[in-house]
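Chemist: The structure that follows is given in the form of structure tokens.
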Amino acid sequence: MSKHSTEAAELPRKKESHPHNRIPDVEWLFGYGETEKKHRDGFLRKLLRRDWWKLVYTTLIYLLQASPAFLMPLITSDVIDVVTYRPDGYLMRILIDGIILFVIIAQNVPTTAWRSSIINKWIRSTSAEIKSGVIRKLSRLSITYHKEIEEGKLQSKFLRDIESVEAYYRVVLASFVPCLVGAVVSTVIAVLKSPIVTLFFIVIVPLNVFVTLVFRKRIRQENRFFRQENEKLSSKLTTTLQMLTLTKAHGLIAVEELAVAKRIDSVTQAGLKVDKTTAWFGSFMWVVSQLLSAGCLFFCVFLTIKGVISIGEVVLFQSLFSTINGNVSALIGLYPTLMAGQEAVRSLSEIVCADELERDDATRRTGKIKGKVDFDSVSYRYPGETKEVVKDFNLHVAKGERIAIVGASGSGKSTIMNLIIGLLSPTSGQIRIDNQPLEELSLQEYRHYISVVPQNSILFSGTIRENITYGLERYSERDLLKAVEDADINEFLPSLPNGLDSQVGEHGDKLSGGQKQRVSIARALLRDPKILILDEATSALDNLAEYHVQKAIDTLVKERTTFIVAHRLSTIRNADRIVVMEEGRMVEMGTYEELIALGGKFSELDRLNQINQQ
């Protein structure tokens, strides 16, 4: 048994708790299948319901932490009345009040640190859970989904929106809940001291809510527009960086800078609108709060004149009202932040609740793959399209056979490769691997037996060694060196400063095209695949680079079922069979010599190919 088949056999089989390979641990949180309002509101409710014991625990700690704010008005009121009326033992009473005040103030330091530690761990772990869930969902979404959504938008959603959701949750736990608890506790104290004054509180405080209702719709709309403009800017920046070389080569730097500047200006203007609305909202809230506080003061003075409450209670109720009004104002002041957080939840739900998932609902274990591949009347069309890009494709490939697929652009070559890999599923017909229907196999296990060498090598910033061994936890140095030798990497390795441990740069930019291809081939060799896909692996190379890469490919394809998408037809002379595609259909099949002798479509392609290479 080969090393990759051993690894595949040892992979744990994770049983999905929902069909269609969804991610239930995240989707339940974002409200899969619910309306926009429900999933936006339900996100917070579900989180707090799940972690209710943490909420209760931290709230109890907060009551202890905030006790100075609750008890100081009572103590202050008592001290004023004692000094004013001087009952028997008033000095001892003042001393007791002083000791109580000192204790409750001193305990605020450890309880604040205690509660902060719990909340920070809670928020960070929740944020990490969401990030992991979004990454898992992105990795399981179909290739068609990733083709339709811009990379910059995904980056914005992952980085900016998750950060906004974390801020949203932090505001709720660290500010919203304490303000709500503080308002309730202060109201209870007021009720116990004087129901009449409390009634006054209840009548006038809702004016704050009215201000919120006036601004609510505008705040929500402007936050959404600001988020969308940020996504567009992120997408534009990604495109700009990807095309920087082409932009410079064509002297379009000024044009591109102007286009980016327009996007930046759009984000700036959208941000200014949010800032302006938030400022107006905050100022209105402050004016209303101060007017209500002044109203409370004069109302309490009137009650004192009438002998309903004492002088000390004027201070008490003024403090309680300030606390209640302050908490209510703070709660309402959090509204813009909460709206931004809810908009971020809505944005992330576009990813988390997307239905375009890659199929992986295996019903049987994959077992050891040998490499026999059968296409039985396979057709495919992309979602939402009516035209089939592959039509009634039939092909039976024996283990170890080399199949070349050629045809003009758009003839269906790449689609067939994606169907073999399992990135796409046939809309009709069936693909069988070793006589097993591909849709019944675990794609994760099956892909351990596949290697792909694309036209544009996919390398990441790291060393040559790290790129070759990517994803392999167990491999021997002997196997690695053998792959390096067979991929003809030794030809250029001495010119690198640190050999296999030399850095390749971002996207492998420190290596030439041919060198990058040979690293990709070594990566494939080390995995010892049973099915190999070469997607125009030499089409972008010069003659010398092609020679070295073709030499490595000749080693790579030995005893492996190989599918070759070829641009240069001279590179597929040794193929066992050549399949000629036209508008999604197989129009010819045979050896190189047979197809040339036939004088049909392949012969025409070969003639044009030779002209282009002259």
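Chemist: Per-residue counts of other Cβ atoms within 10 Å, averaged by peptide: what ranking do you get for 162-171, 79-88, highest first?
Modeler: 162-171, 79-88
Chemist: For a quick check: with amide H placed at 1.01 Å from N, whose amide H comes under 5 Å from LEU141's, ignoring anything fewer than 5 positions away on the same chain?
Modeler: HN-HN under 5 Å from LEU141: GLU358.
Chemist: What 222 nm value per residue comes from the helices of the chain, counting each DSSP H run with n ≥ 4 as -39,500 (n - 2.57) and dividing by all residues, nearest 500 deg cm²/dmol?
Modeler: When only DSSP H runs of four or more count, the value is -20000 deg cm²/dmol.
Chemist: Heavy atoms of the protein only, probe of 1.4 Å, neighbouring chains included. What is the accessible area of TRP280 in Å², nearest 10?
Modeler: Rounded to the nearest 10, the figure is 130 Å².
Chemist: Give the residue from LEU525, TYR449, LEU500 lying farthest towards the positive end of the charge dipole for the range 441-592; charges sit on Cβ (+1 for Lys and Arg, -1 for Asp and Glu) and the dipole is referred to the Cα centre.
Modeler: Result: TYR449.
Chemist: How big is the convex hull of the Cα atoms of the range 342-498, per residue, in Å³?
Modeler: 210 Å³
Chemist: What pairs in LYS157/LYS262; LYS121/LYS232; LYS262/LYS516; LYS232/LYS516 have C-alpha atoms more than 30 Å from each other?
Modeler: The answer is LYS121/LYS232; LYS262/LYS516; LYS232/LYS516.
Chemist: In the range 417-575, what % of DSSP beta bridges are antiparallel (nearest 5)?
Modeler: Approximately 25 percent, going by the DSSP bridge assignments.
Chemist: Ranked highest first by the average count of other Cβ atoms within 10 Å around their residues, in what order do 303-309, 217-223 fall?
Modeler: Result, highest mean Cβ count within 10 Å first: 217-223, 303-309.
Chemist: Leaving out ligands, DNA and RNA, what percent of the accessible area of the chain is carbon and sulfur, probe 1.4 Å?
Modeler: Heavy-atom surface of the chain belonging to carbon and sulfur, 1.4 Å probe: 59 percent.
Chemist: For helix 601-613, what angle does its Cα long axis make with the longest principal axis of the chain, in degrees from 0 to 90 and rounded to 10?
Modeler: 80 degrees
Chemist: Specify which labelled value, from [x] 119, 51, 50; [y] 123, 61, 42; [z] 117, 69, 55, agrees with Cα extents along the principal axes in Å derived from the coordinates of the model shown.
Modeler: Of the listed options [x] 119, 51, 50; [y] 123, 61, 42; [z] 117, 69, 55, [x] comes from this structure.
Chemist: So which of LYS391/LYS558; LYS137/LYS276; LYS372/LYS551 end up more than 27 Å apart, counting from Cα to Cα?
Modeler: LYS391/LYS558; LYS137/LYS276
Chemist: Residue by residue through the range 186-197, which ³J(HN,Hα) values in whole Hz follow from phi under the Karplus form 6.51 cos²θ - 1.76 cosθ + 1.60 (θ = phi - 60°), with glycine and proline marked x?
Modeler: Using θ = phi - 60°, the values come out as 5, 5, 4, 4, 5, 4, 5, 7, 6, x, 5, 5 Hz.
Chemist: Still on this structure, please answer the following. Tell me, what HN-Hα J-couplings in whole Hz come from the Karplus equation 6.51 cos²θ - 1.76 cosθ + 1.60 at θ = phi - 60° for each residue of the range 337-352, using x for Gly and Pro?
Modeler: 5, 5, 5, 5, x, 5, 5, 5, 4, 4, 5, 5, 5, 4, 8, 4
Chemist: Something else: Would you calculate the separation in nanometres between label points at LEU63 and GLU593, each defined as 7 Å from the Cα along the Cα-to-beta-carbon direction?
Modeler: Between LEU63 and GLU593, the label points sit 9.2 nm apart.
Chemist: Same structure, new question: Per residue, how large is the accessible surface of the chain? Use a 1.4 angstrom probe and give square angstrom.
Modeler: Per-residue value: 50 Å².
Chemist: Can you tell me the alpha carbon radius of gyration of the range 466-519 divided by the globular rule-of-thumb value 2.2 N^0.38 Å?
Modeler: 1.10
Chemist: Among TYR335, TYR446, what's the order by accessible area (1.4 angstrom probe), most exposed first?
Modeler: TYR335, TYR446
Chemist: Here's another thing I want to ask about it. With labels modelled as points extended 7 Å from the Cα through the Cβ direction, what inter-label distance (nm, one decimal) is found for ASP554 paired with SER428?
Modeler: Roughly 4.4 nm, to one decimal.
The values are calculated or read from the model by the stated rules, or taken from the named source; none is laboratory data. Worth saying up front: this structure is predicted, and the values here are computed from it rather than measured. Note that each Cβ is placed from the backbone with ideal geometry, even for glycine, and that neighbours are counted across all protein chains shown. Just so you know, the surface numbers come from the protein's heavy atoms only, side chains and all, with ligands and any DNA or RNA stripped out. Shrake-Rupley method; radii C 1.70, N 1.55, O 1.52, S 1.80 Å.
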